[in-house]
Structures are given as structure tokens and as C-alpha cells.
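Taking it in order: structure first as C-alpha cells, then the write-up.
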Amino acid sequence: MNLKIKINKWKCSKILLNKQYNFSRLTVTKYLSKALIDDAYNTISKWKGYKKTPLIKLNKLSKELKLNNVFYKDESKRFHLKSFKALGGAFAVEKIAKSKKDIIISSATAGNHGRSVAWGAQRLGLKCKIFISQYVSKNREKDIKNLGADVIRVKGNYENSLKECQKQSKINKWKIVQDVSNKKYKYIPKLTMAGYSLMIKEISNQTNKYITHVFLQAGVGGMAAGAVAGVARYFKRIPKIVVVEPEAAACVLRSIERGKMTKIKINKQSVMGGMSCSEMSLVPWQILKNTANCCVSIKDTNISKTIALLYNKKLSKIKIVGGECSAPGIIGLVSVCNDKTIKNSLKINENSNILLIGCEGDADTLLYDKLLKIGKKKLSS
Ligand SMILES: Cc1ncc(COP(=O)(O)O)c(C=O)c1O
């Protein structure tokens, strides 16, 4: 297959260069402290079964795009949870529990965060209550139950499940572990972000190349901000940061464009389920507003094709299992490279060492299998 034929038409829906860009390590670590970041690494790296996830070279893609290197952090191998989310919720549970055995943990989730919290509770032998909306798949419900949590299904959307979680947790004195921050609730989401920063610590030991650009997928921005905090803490040189979001849920792009946190209306849910968020979390906003060089949004159209490209070894020597939230980083990079003006202004060229985060594997096996099948069909047509 000539890869170029398949990808040289890919385009971003929207591209925004951040006029407020002003990266300061000091500011970043003011919002997410070095102490928390270091605590996350020192704690998680001692967990049973801990292993660095692979940093894979997408050598076929870098050749096609005429870049020096494209590195892909493969989070499908993160413990047995198959997503970077395993680092956040579970770490927060451990810090909140403070070795107590008589507390009950609760959380509301669209999927992966709840799994991480349930696993974190299970690791420590704690009881756990996970609230999900009517839209969360049976498959995801089963996965959470298999980690020993009680699952409570709530009518309505994620917001409804969160309200019910807050109500019942207040009555029963359960400890809520959410990954979304607001003015009154920052510490626990910061713990989850500190957990995510561990990916960057690993990367800093996995290559001696200076990373020039990082593409970061975003929902409420926790993963992206956690990674930026990791960059501020561990990288010697600051790379350019590009945030990638679904066209229908680009709340980071919109907030940066307006210079203030802005809620958007989602008219159609994206297939990038975990990234389909209408509003940023507060701490990620405080971090990303001055550290993202550029925000791009993308359509759902190329997600299944990218999943198949990864699986069929079209981008690298080895087969990669990357889910619907892993593909956007690749699509963002390809689309930016197809736009000469933006590519030049971001100084992406033959010397660039690009970092992509492969956030998840087949965390939802049924959805993954479906998208892979569609993608393979599209590639062969
Ligand atoms: C599986 C998954 N869920 C959720 C997200 C969004 O994370 P956050 O809401 O922290 O931005 C991502 C990546 O951005 C993801 O890969």
C-alpha cells in the first residue's frame, strides 16, 4: 500500500495558534507541584506488576512525513487496564486512603477513570461504588464489576451520574475520587494528573533524542496537562505542544481562543468517547492556557482507518493495538503536516522528533473490534 495515497488528504477541522503562549516551568509546577509529580512516580513505580510501557518508533510514518522520528507511547500495555487512566485514579485512591482499610471509595465515570478507581480500591482491599450513566456500555460495566466494585447505573447522562454519586457519597460518607477539578475540588484531580505525568518520566529515560513536538489528546484536559507538567519536570528542552480534540467537542481550543474557560454544546457525540467533553477541568485550564502552542480539532472520519493502519503494521514495524482515543494524535500530526503554513509555523521538519501518546488499547473490546473491522474495510477499498 502506498501510505501517502491514504493520508495526504487528511485535514484538521480547525487550527488555532495560541496567542497567549508563554511556557514557564515555574508556573506549571505552581499548579501541579514537583512534590506531587515525584510522589506519583515513586509510588506507582513500586506497584506490583509495574513495567514501563513501550515507546515505539512509527518509522514508516516518519519516513512518509519526512520527519526525523515519530515516537508512540503505547499505553495499551499499562498494567492490565490498557489505558493511561490506570495511573491516575488508582494513585489518587492510594493517597486518599492513607493506609486506612475502613473507607469506601466512590466515583462517577464514562468508563476508563472508573476502572482505574475500582482497580485502585481493589489493590488496597477497599470497597468501591462506581456510578455510570445510561449511556455507558454493558461491556464497560462488566469490566468495572470484574474489579470488585459495585456499579450503580443512573438514568440520564454523565452529569446525572455525578450528581447521584455526590448525593449518595455525602449521605454515606464515601470518599469521592473524581478526575475533574473546579474551584472547590482540586486536590484529587491533581493527584490523577500527577499519575499521568509518569508517562513523561518513562519517556525521558527511553530515548536520548530531544523531543521537539508533543501531540496531546484532550477531553477535559487532565491527560494533556499532566503530560505538560511531566515535560516541565523532566525534559531538558521544552517541546512545542499541540492539543488534539474532536471537532464536536473542542472545549480546550474554544477556551484558548476566547481566553477563558468556555463551555461548548456537544451536538453529536464523537466516536472518541473519552474525549467527548463539553467543558475543561479547572487545573488543566490553568496549565494549558499558556503552554499549548497550538490546538487542532479533527473529525471522526479517519479514526477507524488509523486503528487499522496501526494494527496492520502500516506505521511501524510491529502491530499496535490503539483505540479510538489513541488515533487522534496520529491524525492530528498527519493533518498538521498536510498544512504547509501551520507546519512551518510550528517548525515541523526533517529534524523533528515527534511524540504521540497512544492513550489506550482495546479498553472497550467490542467497540475496538467494530472500529478495526470498519477501518480494514476502508483501507482495502
Ligand atoms: C481513553 C481516554 N479517555 C479520556 C481521555 C481524555 O482525558 P482528559 O479528560 O483527562 O483530557 C483520553 C485522552 O485524551 C483518553 O485516551
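The values are calculated or read from the model by the stated rules, or taken from the named source; none is laboratory data. As the structure is a computational prediction, the values presented were derived from the model and not from experiment. FYI the Cβ positions are ideal-geometry reconstructions off the backbone, even for glycines, and counts take in every protein chain you see.
Couple of notes before you dig in:
- Checked against (1) in contact with a strand residue (DSSP E or B) (Cβ under 7 Å, 6 or more places away or on another chain); (2) more than 26 Å from LYS57 (Cβ to Cβ), ASN290 passes all but condition (1).
- Residues of the stretch 129-152 that are in contact with a Leu (Cβ under 8 Å, 6 or more places away or on another chain) and either more than 16 Å from the ligand (Cβ to nearest atom) or under 17 Å from LEU87 (Cα atoms) (or both): PHE131 alone.
- Within the option set THR53, THR27, being within 16 Å of the ligand (Cβ to nearest atom), β-branched (Val, Ile, Thr), in the same structural domain as TYR210 (by TED's automatic domain parsing) and surrounded by 13 or more Cβ atoms within 10 Å (Cβ to Cβ) holds for one residue only, THR53.
- Within the stretch 125-139, the presence of at least one residue that is surrounded by 18 or more Cβ atoms within 10 Å (Cβ to Cβ), at pLDDT 95 or above, in a loop (DSSP other than H, G, I, E, B) and not assigned by TED's automatic domain parsing to the domain that holds LYS299 is confirmed.
- Across the stretch 324-358, the qualifying residues are those that are free of Cβ contacts under 8 Å to residues at least 60 places away in the same chain and away from the ligand (no atom under 16 Å from the Cβ), and the one among them that is surrounded by the most Cβ atoms within 10 Å (Cβ to Cβ) is LYS343.
- Of the criteria (1) under 23 Å from LEU32 (Cα atoms); (2) free of Cβ contacts under 8 Å to residues at least 40 places away in the same chain, which one GLN217 fails: (2)
- Candidate set from the stretch 140-160 (those that are of a type in the set (S, T, N, Q) and modelled with pLDDT under 95); member that is surrounded by the most Cβ atoms within 10 Å (Cβ to Cβ): ASN160
- For the stretch 46-56, the count of residues that are closer than 18 Å to GLY332 by Cβ, of a type in the set (Phe, Trp, Tyr), at pLDDT 95 or above and assigned to a loop (DSSP other than H, G, I, E, B) is zero.
- Count - residues of the stretch 220-247 that are touching a residue at least 60 places away in the same chain (Cβ under 8 Å), assigned to a loop (DSSP other than H, G, I, E, B) and out of contact with any His (no Cβ under 8 Å at 6 or more places or on another chain): 3
- Yes/no for LYS11 being over 22 Å from THR291 (Cβ atoms), in contact (Cβ under 8 Å) with a residue 60 or more places away in the chain and in a helix (DSSP H, G or I): no
- Matching residues, the stretch 211-257, being more than 10 Å from the ligand (Cβ to nearest atom) and among the charged types (D, E, K, R): ARG233, LYS236, ARG237, LYS240, GLU247, ARG254, GLU257
- Number of positions in the stretch 35-45 that are outside any loop (DSSP other than H, G, I, E, B) and surrounded by fewer than 15 Cβ atoms within 10 Å (Cβ to Cβ): 3
- Restricting ILE320, ILE303, ILE298 to those that are within 30 Å of SER380 (Cβ to Cβ) and away from the ligand (no atom under 13 Å from the Cβ) reduces the list to ILE320.
- All of LEU147, LEU162, LEU191, LEU198 fail the test of being free of Cβ contacts under 8 Å to residues at least 60 places away in the same chain and part of a helix (DSSP H, G or I), apart from LEU162.
- Flag if ALA92 is touching a residue at least 24 places away in the same chain (Cβ under 8 Å), of a type in the set (Gly, Ala, Ser), outside any helix (DSSP H, G or I) and within 16 Å of the ligand (Cβ to nearest atom): no
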